[in-house]
Each structure stands twice: as structure tokens, then as C-alpha cells.
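Heads up: the structure comes next, in C-alpha cells.
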Amino acid sequence: MRPSRALDALLAGLVDYAGLFPPAALAMPEAVAAYARYSNGPDRAMLGRFVLPASRLGEFAQCVRDVVHTGAPTLGAPWKLSALASPADAPQIAAFNEAQDGRLVVDSVEAKAETVTAVNAIADALAARYHTYIEIPVREDPTAMVRAIGKRRMRAKLRAGGVIADAFPAPAQVLAFLAVCSRERVPFKATAGLHHPLRGEYALTYDADAPRGTMFGFLNVFLCAALLRAGVDAGAIAPLLEERDAAAIIVLDDAIAWRGHSLPLAALVDARAFFAGSFGSCSFEEPVRDLTSLDLH
């Protein structure tokens with residue numbers, strides 16, 4: 001790929017590293033060492049937060065100390081973390097942050113809710129201190145949940161797949177989630193099933209005999225979000241979520257275009273800063289490698 005400010009704006013900090021989670025499911029020392037390595041690697045601009053359960057914060061801190069002690073590559077302070085949490089975890093997260101020397105900080109939390117009542121409980125416990133993302137069901141109309149999240153100045157979270165085919169929502173459901181978030185001006189992040197840039201059939205796990213399924217691409221999802229943010233009608237860009245042809249995405253230095261719809265650099269910067277946050281992936285290398293292999297021009 002040739003250098004492009006527009007592509008850099010789209011990709012900056014896009015991948016939150018979730019190596020602890022399936023299908024990678026690394027042990028904590030391996031995941032911490034990998035994150036330290038990626039943070040010093042040539043593709044570090046794409047690297048976002050380290051994702052972990054709140055219950056494993058102490059284990060994480062010890063592994064970071066071990067990595068530093070062994071002289072492995074380390075990330076400049078602070079290491080930003082996103083903790084999977086419930087309201088009950090609020091004291092533990094606060095205590096963790098207070099105990100650090102500035103090198104480690106949980107500044108983002110992710111929780112699940114299926115009702116407005118649960119959204120409000122999470123907000124009461126966590127929203128005042130952290131960027132708080134609420135994972136909500138998307139197989140039914142998400143409007144009420146997204147509105148409740150926005151009312152409490154939190155952010156929504158989309159589960160875009162998993163390790164079984166049934167974990168993947170339909171394209172119409174993903175588009176409805178993105179459109180509601182755009183209309184209600186609620187930022188979002190995504191997780192699961194976005195290891196590849198473009199939609200296609202891929203192995204669902206790393207097993208040699210893994211079943212295959214149709215996955216969304218992170219370019220599909222985040223370009224769609226940026227176009228919605230820029231005011232393009234959802235119906236006009238519905239096919240983007242199912243786009244499989246890299247030649248349909250034109251990358252210039254100051255813009256990215258898809259089939260007649262153009263996103264200038266300023267629109268991409270705006271979308272990433274205020275709307276389309278990031279996606280969690282148990283692999284950092286896979287998204288980077290697959291993106292590099294595309295003939296984007």
C-alpha cells in the first residue's frame with residue numbers, strides 16, 4: 001500500500017488487543033509480551049488498548065513487571081487498558097488505577113446490558129470515571145438501548161461475530177445498529193469476528209479443522225460508520241457491509257472512496273475521534289497482515 005494520510009486516519013489506534021480471549025486465548029504472560037512487542041513494532045500506529053477482564057488486573061500488572069524486568073520491549077507510559085467489567089468491579093478498577101505509577105491505567109470499561117435498567121446501573125457505577133461501552137443485543141431493534149446509553153453519555157458496543165457461525169449478526173442488523181448510533185450521536189466500538197479487512201469466508205478459529213463462516217471486514221464496518229457520520233443515507237451504503245472486492249475501495253492521500261461515495265481526510269478524522277472508536281481482536285498480526293496484502297490504491 002502506498003502512503004496515505006486518509007488511511008492512516010482511518011486505522012489509527014483501531015485494533016484493541018484482546019489476545020486473552022478466544023480463539024487465540026493466550027496466557028497472560030504471552031499476551032502482555034505480544035502487546036509490548038506490537039507497541040514497538042512497525043505497525044504500532046494501529047494498536048489500541050489492551051483488553052482484559054477486571055478480575056485479572058492484578059495478574060496483568062505482575063506480568064508487566066516481569067516483562068520490564070526481563071528487558072523485553074516495553075510501551076511508553078501509560079499503557080491504556082480496557083477492562084471488561086460489571087458495576088461490582090468499580091472499586092477494584094479504581095484501586096488498581098490508584099496503585100499504579102502512571103505506567104498502567106484503565107481508562108475504558110466494557111460491560112453488557114440487555115435492559116435499560118441495566119444500562120443505568122452500569123452508568124451509576126462506572127460512567128463518571130471511564131469511557132464506558134455497553135454491549136447490547138442487536139438482533140432486535142436497538143433504538144431504545146442506544147438512546148438510553150446516549151442519555152447517560154456512554155458508548156455502545158457491537159458484537160460482530162464469534163467462534164461459531166450463529167454468533168454473527170445479519171448485515172441488516174449491523175447496519176441498523178450503526179445507523180441508530182449515528183442518528184443518536186452515540187459513539188461505538190465493535191468486537192469479535194473482525195480479523196480481516198473485507199467481508200468473506202474465513203476459518204472461525206485457529207484449529208487445523210476449524211469450520212468456516214462469513215465474517216464482516218473491519219474496513220466494511222468502519223467505512224460504513226464514517227459514511228453514516230458524514231450524512232450518507234443508510235440505504236445507499238448497505239451494500240458496503242457486504243463488499244468483498246478490494247478494487248471497490250479507492251485510497252488516495254487525502255480521501256477514501258467506495259463506489260462513488262468519498263470520505264475526505266477531515267471526515268475520517270472526525271468519524272474516528274467522535275463516533276467509530278475501535279474494534280477488539282484476539283489477533284493484532286492477522287488484521288495487519290491481511291490489510292497489507294490488499295491492493296488498495
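Throughout, read-outs are computed from the coordinates displayed, never taken from laboratory work. No experiment lies behind these values; they were computed from the predicted model shown. For neighbour counting, all protein chains shown are included, and Cβ atoms are generated from backbone atoms with ideal geometry for every residue, glycine included.
Can you report the principal axis dimensions of the range 5-293 using only the alpha carbons, biggest first, rounded to whole angstrom?
Principal-axis extents of the range 5-293 (Cα, largest first): 52, 43, 41 Å.
How high is the relative contact order of the chain? Use alpha-carbon pairs under 8 Å, at least six apart in sequence, and give a whole percent. The partial results should precede the final answer.
Details: 566 pairs, mean separation 63.5, N = 297.
So the answer I get is 21 percent.
How many nm separate the modelled label positions at Ala94 and Phe274, each set 7 Å beyond the Cα in the direction of the Cβ?
Rounded to a tenth, the inter-label distance reads 3.2 nm.
Kyte-Doolittle mean at least -1.0 and Cα extent at least 15 Å along the axis: which DSSP H helices of the chain qualify?
Numbers: long enough: 28-39 (16 Å, 0.02); 57-69 (18 Å, 0.38); 171-184 (20 Å, 0.91); 218-229 (16 Å, 1.93).
Long hydrophobic helices here: 28-39, 57-69, 171-184, 218-229.
I'd like the GluC sites (Glu not before Pro) in the range 105-204 restricted to DSSP loop residues with at most 12 other Cβ atoms within 10 Å, sorted by number.
Details: sites: Glu110, Glu114, Glu135, Glu140, Glu184, Glu201; in loops: Glu114, Glu140.
Loop-located and lightly packed - Glu114, Glu140.
Would you calculate, for the chain, the mean residue ellipticity at 222 nm contributed by helices, counting each DSSP H stretch of 4 or more residues as -39,500 (n - 2.57) and dividing by all residues, to the nearest 500?
On the way: 11 runs with 107 residues, N = 297.
Value at 222 nm, helices only, nearest 500: -10500 deg cm²/dmol.
Treat each spin label as a single point 7 Å out from the Cα along the C-beta direction, and report the Asp254 to Ala266 distance in nm.
1.1 nm
Name the most mobile residue of Met154, Met145, Met28, meaning the one with the largest mean-square fluctuation, in a Gaussian network model of the chain with Cα contacts below 10 Å.
Comparing Met154, Met145, Met28 in a Gaussian network model of the chain, the most mobile one is Met28.
Which distance in nm do the two modelled labels at Asn120 and Ala170 give, with both placed 7 Å along the Cα-to-Cβ direction?
3.2 nm
Taking amide H positions as placed in the peptide plane 1.01 Å from N, state which residues far from Leu20 in sequence (5 or more) or on other chains have amide H under 5 Å from it.
Correct list: Leu26.
Report the charge-dipole magnitude of the chain in Debye, nearest 20, computed about the Cα centre from +1 at each Lys and Arg Cβ and -1 at each Asp and Glu Cβ.
740 debye
Would you mind telling me the antiparallel percentage of the DSSP bridges in the chain, rounded to 5?
Working: 11 of 41 bridges.
Approximately 25 percent, going by the DSSP bridge assignments.
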